[in-house]
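Please treat every number below as a calculation from the coordinates, not as lab data. This is a predicted model, so every value here is computed, not measured. Because the Cβ atoms are built from the backbone with ideal geometry, glycine has one as well, and the counts that use them run over all protein chains shown.
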Amino acid sequence: MGDNINSHGTELPTWHRPAKTTYDLPWADIKVLDLGKFETTSGKAELVEELRDAVLTTGFFSLTDTGFSAEEVQRQYDIAQGFFAIPQEAKSRPEYKCDFTVGNYFGYREIFEKTIMGTNVRDNVELYNFAKFTPHNESEIRHPWFDQYNAEIEAFSRKAVDVAGKVFELFALMLELPPDYFSSRHRYDAPSDDHLRYMSYRPRSAEDDAKVQDTWSRAHTDFGSLTLLWSQNVAGLQIKTSSGEWRYVPPVDGGIVCNVGDTMGFWSASYMKSTTHRVVRPPADQLDGNRLGLFYFVRPGNDVDIKPAPSPLLKRLGLVAENQEDAAPVTGLQYVRERVKNYHNHSDYGNRKGQHFQVGGLKIVDEAE
Ligand SMILES: O=C(O)CCC(=O)C(=O)O
Ligand SMILES: [Fe+2]
């Protein structure tokens with residue numbers, strides 16, 4: 001059997017990366033950091049300051065020299081494209097679908113299942129989230145179509161957590177904490193709701209998009225600690241800047257776009273920004289195919305307490321009390337499951353502008369008024 005023929009007896013076609021847009025869009029100023037500098041002491045110190053600038057402003061940054069080859073990334077896109085191309089009924093059997101009733105986001109999220117903003121326009125996203133390939137996830141959803149690719153998907157996922165681990169070390173140094181303060185709370189082999197994700201948006205008619213203000217993914221902050229998004233050429237992802245303007249996230253060839261999520265915001269007493277972002281209808285020259293995305297969502301360890309870290313810096317800034325006590329801190333799993341349930345367990349994806357979400361003492365607004 002050749003490389004391109006899979007055990008399903010079908011070919012795994014090569015995914016072709018769409019060209020960049022020729023439109024002059026209002027791009028956001030997202031800093032590009034060379035992660036190769038992590039290997040030297042002086043380079044690491046520089047990265048900490050570059051990262052500080054990023055987390056205090058946009059909460060987004062791009063990484064280059066991450067150790068991922070173009071071939072490894074291409075392979076993930078090929079597998080993703082192959083999966084989304086199988087018949088709908090093979091993807092959407094109930095045993096393969098995310099169970100939003102309990103906030104479990106592992107498995108397949110079906111396209112066209114929900115309506116948008118109370119209209120008759122349907123959600124144009126489908127995605128598949130892989131639970132970590134660890135013994136504690138043995139009972140989690142695994143679609144059998146992926147069986148022959150699991151080893152390489154696992155290797156890719158582990159490598160993503162290695163990259164995230166470097167970023168977590170830089171975050172800890174930034175906050176003057178022990179270097180492993182955050183990485184120890186996000187270990188690949190410890191239970192958490194981390195997931196590698198394949199995500200596909202299917203273009204809608206201009207008429208339908210107009211009914212939902214061109215929204216492909218409503219404004220939100222990310223639920224976990226850190227999101228890794230392999231740079232994508234199809235414009236559409238926008239961040240809400242501190243002045244309230246929407247700006248497009250620019251592609252970075254061979255890079256990974258990262259952003260801080262809610263739980264990192266809580267640990268840093270909001271020193272780090274969990275920035276509101278959304279996806280809108282792409283420009284006219286990028287609407288002829290699906291917008292395929294590759295992500296790794298780092299969630300906090302299931303049993304980890306989510307509360308401000310005892311950072312000397314945050315104490316000096318008055319963001320954390322000297323002897324803070326939290327009677328009943330929320331755990332990583334509690335926060336993430338409640339958040340997924342609150343966000344997804346509905347038949348319509350409504351606008352969340354100004355809506356608060358709270359678990360214990362942890363409170364967020366997806367999009368401030
Ligand atoms: O598709 C994208 O570019 C971003 C999606 C996103 O923000 C998310 O799924 O959390
Ligand atoms: Fe997001």
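Summary table below
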| item | result |
| --- | --- |
| Subset of segment 101-111 [in a loop (DSSP other than H, G, I, E, B) and either over 21 Å from the mean Cα position of the chain (by Cα) or under 10 Å from HIS344 (Cα atoms) (or both)] | GLY103, TYR105 |
| Qualifying residue in segment 355-368 (condition: among the aliphatic types (A, V, I, L, M), surrounded by fewer than 17 Cβ atoms within 10 Å (Cβ to Cβ) and assigned to a strand (DSSP E or B)) | yes |
| Residue identified as within 16 Å of ligand 1 (Cβ to nearest atom) and farther than 30 Å from LEU317 by Cα among GLU207, GLU126, GLU140, GLU152 | GLU126 |
| Any chance ASP253 is in contact (Cβ under 8 Å) with a residue 60 or more places away in the chain, within 27 Å of HIS16 (Cβ to Cβ), more than 16 Å from ligand 2 (Cβ to nearest atom) and outside any helix (DSSP H, G or I) | no |
| Conditions (1) without any contact (Cβ under 8 Å) to a residue 12 or more places away in the chain; (2) closer than 26 Å to LYS166 by Cα; number of the one not met by ASP222 | (1) |
| Members of segment 89-103 found to be out of contact with any strand residue (DSSP E or B) (no Cβ under 9 Å at 6 or more places or on another chain) and of a type in the set (S, T, N, Q), listed by number | THR101 |
| Matching residues, segment 195-219, being touching a residue at least 40 places away in the same chain (Cβ under 8 Å), in a loop (DSSP other than H, G, I, E, B) and either within 16 Å of ligand 2 (Cβ to nearest atom) or on the phi < 0 side of the Ramachandran plot (or both) | ARG202, PRO203, ARG204, VAL212 |
| Residue count, segment 221-239 (criterion: within 10 Å of ligand 1 (Cβ to nearest atom), part of a loop (DSSP other than H, G, I, E, B) and under 26 Å from LYS307 (Cα atoms)) | 4 |
| Which numbered condition ALA90 misses (of (1) assigned to a helix (DSSP H, G or I); (2) more than 30 Å from SER347 (Cβ to Cβ)) | (2) |
| Flag for VAL55 being in a helix (DSSP H, G or I), in contact (Cβ under 8 Å) with a residue 60 or more places away in the chain, in contact with a strand residue (DSSP E or B) (Cβ under 8 Å, 6 or more places away or on another chain) and farther than 30 Å from SER347 by Cα | yes |
